[in-house]
Amino acid sequence: MKLIVGVVAVVGVWAAVCSASPVEGQESQERDGRFLGLNFPFLNLVTVTVKPTPCLGKSDNSSGTCTTKGQCDGREDGTCANGYGVCCIFEKRCGSTIKQNVTFLVNDNYPDALKAIGNCQYNIEKANSDVCQLRLDFLSMNLANPNDGAGTGVATLCEKDTFSFVGSAGGNPTVICGDNSGQHMYLDIEGNGVARINIATTDDSIDRSWRIKVTQIPCNSVSRAPPGCLQYYTDYSGKIESFNYQQVDTPAAPLHLANQRYTICIRANEGFCGIRYTADHFSLSGDTGTPLAVVGDANCLADLVIIPGLTKDGKAAASDRYCGSQLDPLETYSKPFEIRVVTDDAEDIATDINNQGFSIRYTQIPC
Ligand SMILES: *[C@@H]1O[C@H](CO)[C@@H](O)[C@H](O)[C@H]1NC(C)=O
Ligand SMILES: *[C@@H]1O[C@H](CO)[C@@H](O)[C@H](O)[C@H]1NC(C)=O
Ligand SMILES: [Ca+2]
Ligand SMILES: [Ca+2]
């Protein structure tokens, strides 16, 4: 019996180091093991240690951690460590408290849709004391759309479903609904605090589903977003969309969201001094057919974006406020690069229709 346990221990170590070329001693022990009639079901009865290394889930390439079979606190998705471990995807449902870096928050019933009234809450604790921020990636995020004004005449309100969160560094009032797949957010988590995510659903006749990747960002990480940036882009060029922007070419396209006050930041890369914005779509007010670009403090009062403007030689732009149903291409050398989004608490559908929000491309300009 002693001999068998010894053999198992050595096989376990071999799995742990993921060695492709076994050293002499292990090779002979293995051969002995087979001679003794050892097989894998037997190994399952004994603790085999597997080094926790990153792995990719077999079904959808989600990032996970290689763990020992049976010790995965999540969903097992494929094998790793030469078959001795399982790729463990940390996937959690409503009501969970999580602490593990790179965890996926999913709706109850996931991957099926949720059709229920409820308040889904997740508490997120720091993986270790050196965490200052969370990045939420909405891999998929489909909630009920904001209202369309039927009955009341006032649209863009998240009346049925809401996604909201509270960071330990104080609240963040940004509340969203609708389709936000592909969007992301940064959330500060300070001290010994716990961040909380709330997804409230108030109608049991609508399908909704979500899968949110939560990454814990160390305090001194280069990927930490600067203070005040709800969204943070770090590429030379990219696409920025307002929450619930859905590219639909029918008049009944879902609308932008009321009550938004947040800042989108773009990291100025080394050797780049300016930034150029080009809108693929822009409609924040008065989208009645003929696109109209509106600029200026006096004209943009309800729903608008603020883009600080400065020419290359340091001359201020006439105005930083943009609204209407078109955004003309613009360049600015004002740093940090940012777009502030402001929407009011209403949308009178008698005078203000079809405002879908924006989809804007940015490209950084070399110095
Ligand atoms: C996972 O990624 C690999 C390599 O990029 C790719 O070949 C494979 O098709 C992906 N599998 C899934 C299920 O997405
Ligand atoms: C969490 O994982 C990400 C991505 O793998 C990594 O960049 C980050 O440093 C990790 N956070 C902590 C606290 O280890
Ligand atoms: Ca509007
Ligand atoms: Ca409005």
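One decimal place: the segment residue 223-residue 108 gains 38.3 nm when fully extended, by the rule 0.36 nm per residue minus the C-alpha distance. Per q in 0.15, 0.16, 0.21 1/Å, what log10 I(q)/I(0) does a Debye calculation on the alpha-carbon atoms of region 213-306 return? Listed by q, the Debye log ratios stand at -0.81, -0.91, -1.31.
On the beta carbon distance between residue 117 and residue 49, with R0 = 51 Å, the FRET formula returns roughly 0.70. One decimal place: the segment residue 273-residue 354 gains 25.6 nm when fully extended, by the rule 0.36 nm per residue minus the C-alpha distance. Give the separation of the Cα centroids, region 228-242 to region 259-283, in Å. Using only Cα atoms to place each centre, the spacing works out to 6 Å. Principal-axis analysis of the Cα atoms of the chain puts helix 2-17 at an angle of about 30° to the longest axis.
Full extension of the segment from residue 99 to residue 299, taken as 0.36 nm per residue of separation minus the current Cα-Cα distance, would add 67.3 nm. Loop-located trypsin sites (Lys or Arg not before Pro) in region 278-367 (DSSP state not H, G, I, E or B) with no more than 12 neighbouring Cβ atoms inside 10 Å: 312, 315. Run down the aspartates and glutamates and flag those whose C-alpha is under 17 Å from the C-alpha of residue 312, throwing out any fewer than 8 positions away in its chain. Of all the aspartates and glutamates, those that pass the test against residue 312 - Cα under 17 Å, at least 8 places apart if same chain - are 270, 320, 331, 338.
Loop only per DSSP, at most 12 neighbouring Cβ atoms within 10 Å: give me the trypsin sites (Lys or Arg not before Pro) in region 62-165, ordered by residue number.
none
For the chain, the Kirkwood estimate of the hydrodynamic radius, built from every pair of different alpha carbons, is 23.5 Å.
Only the coordinates and a few stated rules stand behind these numbers; no lab work does. Note that the structure is a prediction, hence the values are computed from the model and not measured. Backbone-built Cβ (ideal geometry, glycine too); neighbour counts: all protein chains shown.
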